[in-house]
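> Handing you this structure, nothing more for now.
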């Protein structure tokens, strides 16, 4: 068996036709390589010679728009023990809303800032930590402008890149974690892994629908799903988690158990079983 990442699918030439090849669709990349670029036709043929898995049902659906082959869904795992209590907590006691993944249009940072403008009207001491780099200059400028215009300069922290110990501290300080992802023409959230990490630390999570986030939490049990771009709906979920202690504690306990069920020790076994099936089936 040859297991490869999506960009290397073109390696599935004559030398690999006598052995099975496995490709995991980790989000945007399989649909993107099928849709654009000089080699898109070659990529489509290459993928059709592969056994395919995807990291979420949404990603599998996007792959199926281009490829007729069946796609197995295996959602990613988390190293559950790594996210247990520890880390360096933020100095401000909060309550904290946390997001991670950087200041990016696909991560919906601007939507979250707009939601926080509503949240602080009901929970004045609420704080937001946006963890990660700022790779999109124009978008980051818009986010900073929104923070200033909404009077959130003392409420929102853009941490930039931070060590894992600080990230862990924020996860455990989070009263709620949010990932209001936005699907763009050629980019989407394949699976909101940070949602799973935060739940492993006990943070109830809010994620956007119509992307891989739908498989990263249990709506109504470990958190909530929201309509993309809808900052008012997001604000409502955040206020609920910030003010309803009983619900938050119940969702926190459920979030830990859900994340524990997706520990890599279990998910790895799912991948191993899939590899064994691909070997038994032979070349696609």
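The values are calculated or read from the model by the stated rules, or taken from the named source; none is laboratory data. Remember, predicted model here, so these are calculated numbers, not experimental data. A quick note on method: Cβ atoms are made from the backbone with ideal geometry, for glycine too, and the neighbour counts reach across all protein chains shown.
> Kindly evaluate residue 186 against the criterion of being assigned by TED's automatic domain parsing to the domain that holds residue 100, over 14 Å from the mean Cα position of the chain (by Cα) and modelled with pLDDT under 95.
yes
> Can you find a residue in segment 88-101 that is under 21 Å from residue 236 (Cβ atoms), without any contact (Cβ under 8 Å) to a residue 60 or more places away in the chain and not assigned by TED's automatic domain parsing to the domain that holds residue 27?
No, the conditions are met nowhere in segment 88-101.
> Still on this model: Quick check on segment 249-270. Is at least one of its residues closer than 24 Å to residue 32 by Cα and part of a helix (DSSP H, G or I)?
No: segment 249-270 contains no residue that is closer than 24 Å to residue 32 by Cα and part of a helix (DSSP H, G or I).
> Looking at this structure, is residue 78 in contact with a helix residue (DSSP H, G or I) (Cβ under 6 Å, 6 or more places away or on another chain), modelled with pLDDT of 90 or more and closer than 19 Å to residue 277 by Cβ?
Spelling it out, it is not the case that residue 78 is in contact with a helix residue (DSSP H, G or I) (Cβ under 6 Å, 6 or more places away or on another chain), modelled with pLDDT of 90 or more and closer than 19 Å to residue 277 by Cβ.
> Here is a further query. Residue under question is residue 202, and the condition is that it be in contact with a helix residue (DSSP H, G or I) (Cβ under 7 Å, 6 or more places away or on another chain), assigned to a loop (DSSP other than H, G, I, E, B) and farther than 19 Å from residue 102 by Cβ; does it hold?
Yes: the conditions hold for residue 202.
> Out of 154, 149, 136, 165, report the one residue that is modelled with pLDDT of 95 or more, closer than 22 Å to residue 29 by Cβ and outside the structural domain of residue 56 (by TED's automatic domain parsing). First the steps, then the outcome.
Details: 154 fails: closer than 22 Å to residue 29 by Cβ; 149 fails: closer than 22 Å to residue 29 by Cβ; 165 fails: closer than 22 Å to residue 29 by Cβ.
When all the criteria are applied, what remains is 136.
> Return the total of residues in segment 86-99 being closer than 20 Å to residue 223 by Cβ and within 23 Å of the chain's Cα centre (by Cα).
Here the count works out to 5.
> I would also like to ask the following. Just a yes or no: is a residue in segment 217-234 under 22 Å from residue 24 (Cβ atoms) and in contact with a strand residue (DSSP E or B) (Cβ under 9 Å, 6 or more places away or on another chain)?
Yes.
> Inspect all residues belonging to segment 133-153 and state whether any of them is under 18 Å from the mean Cα position of the chain (by Cα) and within 20 Å of residue 237 (Cα to Cα).
Restricting attention to segment 133-153, the residues satisfying the condition of being under 18 Å from the mean Cα position of the chain (by Cα) are 133-135.
Checking which are within 20 Å of residue 237 (Cα to Cα) leaves us with none.
There is no residue in segment 133-153 that is under 18 Å from the mean Cα position of the chain (by Cα) and within 20 Å of residue 237 (Cα to Cα).
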